1. For A:S163, all conditions in the list (1) over 15 Å from B:P191 (Cα atoms); (2) surrounded by 21 or more Cβ atoms within 10 Å (Cβ to Cβ); (3) facing another protein chain (nearest Cβ under 10 Å) hold save one; what is the number of the exception?
2. When residues of the range C:137-150 are filtered for being more than 7 Å from chain D (Cβ to nearest Cβ) and surrounded by 21 or more Cβ atoms within 10 Å (Cβ to Cβ), how many remain?
3. Looking only at the range C:12-19, decide whether some residue is more than 11 Å from DNA strand F (Cβ to nearest atom), basic (K, R), within 14 Å of chain D (Cβ to nearest Cβ) and at negative phi.
4. Can B:E182 be described as away from every other protein chain (no Cβ under 11 Å) and either of a type in the set (K, R) or out of contact with any Pro (no Cβ under 8 Å at 6 or more places or on another chain) (or both)?
5. Among the residues of the range A:1-50, which ones are of a type in the set (V, I, T), over 20 Å from B:A25 (Cβ atoms) and more than 22 Å from the chain's Cα centre (by Cα)?
6. Being within 12 Å of DNA strand E (Cβ to nearest atom), part of a helix (DSSP H, G or I) and of a type in the set (S, T, N, Q) is the filter here; which residues of the range D:4-48 pass it?
7. Just to be sure I understand, how many residues within the range C:13-36 are surrounded by fewer than 20 Cβ atoms within 10 Å (Cβ to Cβ) and over 19 Å from C:H167 (Cβ atoms)?
8. Could you identify the single residue in D:T26, D:T47 that is farther than 12 Å from D:L11 by Cβ, near DNA strand F (Cβ under 8 Å from one of its atoms) and out of contact with any helix residue (DSSP H, G or I) (no Cβ under 7 Å at 6 or more places or on another chain)?
Protein chains: 4
Amino acid sequence: MAPIDRRKQILKAAAKSFALFGYKATTMDQVAKIANVGKGTIYTFFTNKEELFDEILHEVIIEMKNVAERELDHEQTFFNNLFRILDSLLEFREQHDLLIKLSQEVREFGTLQAKTGNAKVEGVITGYLEKELRLAQEKGEIKPCDPKVASFIMFKIYIALTSDWSHGNDPLSKEEIKQYIELFLVHGLVPDLPV
Amino acid sequence: MAPIDRRKQILKAAAKSFALFGYKATTMDQVAKIANVGKGTIYTFFTNKEELFDEILHEVIIEMKNVAERELDHEQTFFNNLFRILDSLLEFREQHDLLIKLSQEVREFGTLQAKTGNAKVEGVITGYLEKELRLAQEKGEIKPCDPKVASFIMFKIYIALTSDWSHGNDPLSKEEIKQYIELFLVHGLVPDLPV
Amino acid sequence: MAPIDRRKQILKAAAKSFALFGYKATTMDQVAKIANVGKGTIYTFFTNKEELFDEILHEVIIEMKNVAERELDHEQTFFNNLFRILDSLLEFREQHDLLIKLSQEVREFGTLQAKTGNAKVEGVITGYLEKELRLAQEKGEIKPCDPKVASFIMFKIYIALTSDWSHGNDPLSKEEIKQYIELFLVHGLVPDLPV
Amino acid sequence: MAPIDRRKQILKAAAKSFALFGYKATTMDQVAKIANVGKGTIYTFFTNKEELFDEILHEVIIEMKNVAERELDHEQTFFNNLFRILDSLLEFREQHDLLIKLSQEVREFGTLQAKTGNAKVEGVITGYLEKELRLAQEKGEIKPCDPKVASFIMFKIYIALTSDWSHGNDPLSKEEIKQYIELFLVHGLVPDLPV
DNA sequence: AATGAATGAGTGTTCATTCAT
DNA sequence: TATGAATGAACACTCATTCAT
């Protein structure tokens with residue numbers, strides 16, 4: 001088996017376990033077993049548990065950023081862009097949705113926090129979103145609100161629909177996710193014409 | 001000191017520590033020290049760490065339910081009730097908001113998950129919300145949507161604003177929280193009349 | 001069992017194992033087993049393996065220094081003092097002879113070396129000896145030689161007789177040790193009158 | 001590269017590392033890197049780490065014995081022989097002095113000890129010395145003493161001067177070493193005529 | 001024959017839980 | 001009853017050894 005395969009095997013197994021059980025509750029033995037690899041092998045590719053975790057986080061960030069940048073077109077409206085990017089992200093959800101959820105757990109490590117603080121999935125995504133929200137606001141495409149808070153909530157809603165929900169429920173389809181995002185973000189729950 | 005006092009002391013200390021550091025990162029030594037109690041004493045009241053955790057979860061649920069039931073008035077509209085209940089919950093937020101966060105961590109335990117599944121804060125709250133959403137829908141107060149998903153999202157938005165946000169940002173005021181809930185849940189981001 | 005007993009038990013066991021097998025080859029499991037104590041118990045008294053080692057070293061140094069200082073009398077000749085101090089040291093040899101040997105192994109730890117450098121048994125003892133040798137030389141009691149080298153050798157001879165020798169041979173009696181020290185240090189192997 | 005070269009390369013590298021860091025602290029990776037050889041290659045020449053160590057010990061012994069036998073001349077006095085042999089040994093000190101030091105570390109291995117007991121550098125050298133001392137004693141060249149103990153001490157003094165001292169001090173020159181051996185072994189520290 | 005990626009037994013350390021006082 | 005000293009199972013990580021290439 002090519003070394004790259006083994007590295008990927010481990011990353012995949014670790015991602016699965018981290019997403020399922022969290023950082024602390026994931027043991028290296030477990031990762032090794034899931035990856036069908038000797039425990040020592042993990043350490044030939046990653047210095048330690050923390051680095052393994054970081055690597056996974058980093059990969060997700062890179063990939064999501066690429067997707068977003070590929071789709072983003074400033075000629076179009078904010079919501080247009082939002083839904084197209086969403087569409088692309090949801091395309092390879094299978095590899096990533098659980099991982100995204102990890103972003104919520106980074107705070108678990110006292111020490112790690114500082115070091116990787118700005119590399120957090122959450123930070124990167126909301127930062128990105130915030131910038132776009134600000135532009136949209138200037139163009140009058142959305143109501144006035146703090147873009148920082150708004151981007152934070154949008155991110156949380158996305159996570160809730162793509163990841164959180166599927167713990168304990170059947171995963172939502174791509175279309176359903178988009179519908180609910182539209183419902184909550186765009187128009188709200190109140191009927192348009194409560195005559 | 002009466003035994004009930006000791007029990008409460010421990011519960012309070014554990015709640016604080018669980019909320020601050022999470023389940024795994026909370027040690028019984030820590031809880032004992034915060035509670036100003038011998039470590040062994042904890043075990044005279046609780047069988048083990050897991051039960052201590054469950055108890056705390058349970059207490060929060062009960063209290064929240066009481067608050068909700070006290071405020072709920074089916075003569076009024078859904079949103080009216082929602083905001084009044086929210087108001088009351090936020091009132092004693094200091095004791096509970098961090099705990100709510102715990103609901104997110106329950107999944108941390110592979111084994112625990114199954115056993116305490118139905119005792120989850122999350123499940124109770126969303127179940128409650130779901131029931132009310134269904135009624136509101138029947139009355140035409142809100143747009144048609146799956147009440148289960150909707151209640152889930154609403155809960156997540158609530159957690160995001162009251163708890164998640166304050167990791168890394170200044171906590172939002174009660175008023176701000178209500179504003180954002182209104183913005184996202186009730187009316188959406190799109191300006192009302194983009195003629 | 002009084003806590004002091006346990007602490008002493010552990011120190012004794014660790015001393016034995018360190019002296020017998022060296023630092024690296026001594027496992028905490030081994031120490032625990034020899035001390036007839038749970039492994040965790042060691043960590044209630046000592047932060048880690050290194051500190052356990054340091055403590056042992058420190059204790060020996062303190063005790064030896066006390067013995068030496070009690071016996072030292074600058075009114076008397078160097079050799080007189082030397083033999084009286086030797087006498088006292090050999091008195092409680094049973095607790096310490098093996099430990100003394102540890103001084104040779106301190107170099108094993110890359111990191112430790114720097115931290116405890118000046119606390120080394122060897123350094124303390126030879127430093128002490130050196131000072132006395134210098135005085136003796138000024139008084140003409142011994143031949144001219146570098147006191148630093150001389151003290152080093154004297155220490156090594158002492159270790160050889162009290163400790164090294166007993167690995168693989170019956171230990172030498174107190175009297176024998178003194179005889180050999182006199183033979184090598186004081187008069188040399190050459191017969192006095194090789195007529 | 002001829003296999004014999006590779007073997008020598010490995011032995012040399014291992015000798016260096018054992019001498020520098022000791023048995024336990026020497027890793028096979030380290031040896032392989034120093035020898036500029038694949039790690040697996042080591043195992044084509046030596047069954048395991050222990051055997052590699054033994055081989056090195058053995059080699060030193062053979063070489064020292066050869067040197068000694070070449071110089072030894074029973075027509076001459078004990079001390080004459082001693083100093084000439086010493087001279088020769090010190091000649092190729094660069095390759096071996098650190099190795100000699102290893103003799104002290106053999107005890108490090110609980111299990112190994114028994115198996116290689118009779119192959120110990122120490123044992124061979126002191127055995128040799130003992131024989132010569134016995135002869136010298138019979139000729140009246142040295143004072144009466146147990147040749148076994150005396151040879152042991154002589155060996156320790158030699159190690160101390162050639163090897164131990166240089167940890168933490170500038171190495172002594174060949175001349176200095178001989179001077180100190182003469183001082184301690186031959187005549188002692190007491191001035192000849194303390195009138 | 002030579003290699004180094006892969007392995008898992010073994011190490012130091014932590015912490016929930018027990019139990020003698 | 002309340003305690004905290006004692007415990008050992010469990011964890012992250014290391015390294016001698018193996019084996020497919």
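The values are calculated or read from the model by the stated rules, or taken from the named source; none is laboratory data. What you see is a predicted model; the values in this text were computed from it and never measured. No Cβ is skipped: glycine too gets one built from the backbone with ideal geometry, and neighbour counts run over all protein chains shown. With ligands, DNA and RNA removed, areas are computed over all heavy atoms of the protein, side chains included. Shrake-Rupley method; radii C 1.70, N 1.55, O 1.52, S 1.80 Å.
1. A:S163 satisfies all of (1) over 15 Å from B:P191 (Cα atoms); (2) surrounded by 21 or more Cβ atoms within 10 Å (Cβ to Cβ); (3) facing another protein chain (nearest Cβ under 10 Å) except (3).
2. Result for the range C:137-150: 1.
3. yes
4. The answer is no for B:E182.
5. Of everything in the range A:1-50, those that are of a type in the set (V, I, T), over 20 Å from B:A25 (Cβ atoms) and more than 22 Å from the chain's Cα centre (by Cα) turn out to be A:I4, A:I34, A:V37, A:T41, A:I42, A:T44, A:T47.
6. Those that are within 12 Å of DNA strand E (Cβ to nearest atom), part of a helix (DSSP H, G or I) and of a type in the set (S, T, N, Q): D:Q9, D:T41, D:T44.
7. The qualifying residues number 6.
8. One residue alone meets the criteria, D:T47.
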